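What follows draws every value from the coordinates through simple rules; no lab data is involved. On a predicted model such as this, the values are computed, not experimentally measured, just so you know. Here the Cβ positions follow ideal geometry from the backbone for every residue, glycine too, while neighbour counts run over all protein chains shown.
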């Protein structure tokens, strides 16, 4: 078998090494480098047949390589989104999905739009990264704090306040936000004060235009929970929610990550809206926020374009002329839920009362449910096998009459 001059040189160099000649003398006599000798000695040690041959060259033509034209389009869109000064890019997200969305909006064919991973590589190659990944916060039994697993549109909404933020020359502004966990649609409104009256004003207006959810999840702020002193005190917010058939879920105190869907939206609101705009007063921010919410909903709907999500049944909305005196709301039949962490005494606090669930659950999260008509308080626990079981049941006597809910308040929805 004939070898090329280069192959003969490699073979003889290794033969000299095997005969005991010093490596440095071999590669110097051949006017080669130490790296060259180490490379071919390493190839020889692999034991492969034909170790002395050059490896096949990489193909010069990459069949699926993104064209320079498309890469430049991705770069231009990314820069425009990061800048966010044009009407088409104002308030927009800047990630790979947002770039795909804008390329589709601009009329590019699906075959021309790069994949998520390709866009990320283009962004990295062109040094257009905008955010540092947030460090993951480890939380014990984080995936077991809730017994809900929403799969339907309008099954679970999360609600939260952002603020106060201050408009120079005007004063404080508070923004209330709502987001559908499964359907991803958002809504919001701004007010001067953070109050329960404003929460109810926003919700009644929203429920006249959009479906009422089965569950509404909130934190333990006074705007939602109300009284922090008196036991079994049902706030006007809770009464209104029960009145329209909603089961309220209070997350554990000081655990905002439990409302992760709306908290993530709040970050986007702050970064892509509040920090990017200048506002003059309440009317100005309300006018501009409508555009922000519309763009957010359009993008979220696009992301779910291939999902076949069902809407929660029955679909309920309030008629446009619905009114009620929010300061005299009756307590009606329904359920109120509380996510609570068991303290060192084996107890949880619900509506300003302590309940003993057992020291064996210390440090764990439990799910407590008050049923107003049955006047019971049941505590559930989701174990490590994700099995939900009842661990305690208490009587829960309520010192007022609990009435039946009236379905006649809803307007007919097709």
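Structural remarks
- Inter-centroid distance (Cα atoms) of segment 212-262 relative to segment 316-387, Å: 9
- At full extension, residue 75 and residue 8 could sit 19.2 nm farther apart than now, given 0.36 nm per residue minus the alpha carbon distance.
- The distance separating the Cα centre of segment 1-34 from that of segment 85-120 comes to 56 Å.
- From largest to smallest, the equivalent ellipsoid semi-axes obtained for segment 252-317 from the alpha-carbon gyration tensor read 26, 19, 14 Å.
- Value at 222 nm in deg cm²/dmol, rounded to 500, when DSSP H runs of n ≥ 4 in the chain each add -39,500 (n - 2.57): -9000 deg cm²/dmol
- Virtual spin-label span in nm between residue 108 and residue 22, 7 Å along Cα→Cβ: 6.1
- Residue-span extension gain [residue 349 to residue 87] - 0.36 nm each, minus C-alpha spacing: 89.4 nm
- Global geometry of segment 330-403, whether rounded, prolate or oblate, following the gyration tensor of its Cα atoms and the 1.5 cut on a/c: prolate
- Of the options [x] -0.42, -0.62, -1.06; [y] -0.27, -0.46, -0.91; [z] -0.30, -0.52, -1.03, only one is log10 I(q)/I(0) by the Debye sum over Cα atoms at q = 0.06, 0.08, 0.12 Å⁻¹ as computed from these coordinates, and that is [x].
- Exposure proxy ranking, count of Cβ atoms within 10 Å, fewest first, for 362, 146: 362, 146
- Extension gain (nm, one decimal) between residue 271 and residue 53, 0.36 nm per residue minus Cα-Cα: 72.8 nm
- Helix 96-105 axis, angle to the chain major axis (alpha carbon atoms, nearest 10°): 80
- Square roots of five times the Cα gyration tensor eigenvalues for segment 145-218, Å: 26, 13, 10
- Comparing 184, 255, 32 in a Gaussian network model of the chain where C-alpha atoms under 10 Å apart are linked, the largest mean-square fluctuation is found at 32.
- Residue order for 39, 90, fewest other beta carbons within 10 angstrom first, comes to 39, 90.
- Helix axis angle, 116-125 relative to the chain longest principal axis, alpha carbon, degrees: 60
- Fluctuation leader among 232, 120, 109 - the chain, Gaussian network, Cα springs under 10 angstrom: 109
- Axis of helix 5-18 versus longest Cα principal axis of the chain: the two differ by about 90°, to the nearest ten degrees.
- Considering only the chain, percent of DSSP beta bridges that pair antiparallel, nearest 5: 75
- In terms of its C-alpha gyration tensor, segment 5-45 has a rounded overall shape, because the principal axis ratio a/c (a ≥ b ≥ c, square roots of the eigenvalues) stays below 1.5.
- Residue order, fewest to most surrounding Cβ atoms within 10 angstrom, among 331, 351, 18: 18, 331, 351
- Most mobile listed residue (234, 37, 292) in the chain, GNM with C-alpha springs under 10 Å: 37
- Here each label is just a point 7 Å from Cα along the line to Cβ, and for residue 403 and residue 356 those points are 3.8 nm apart.
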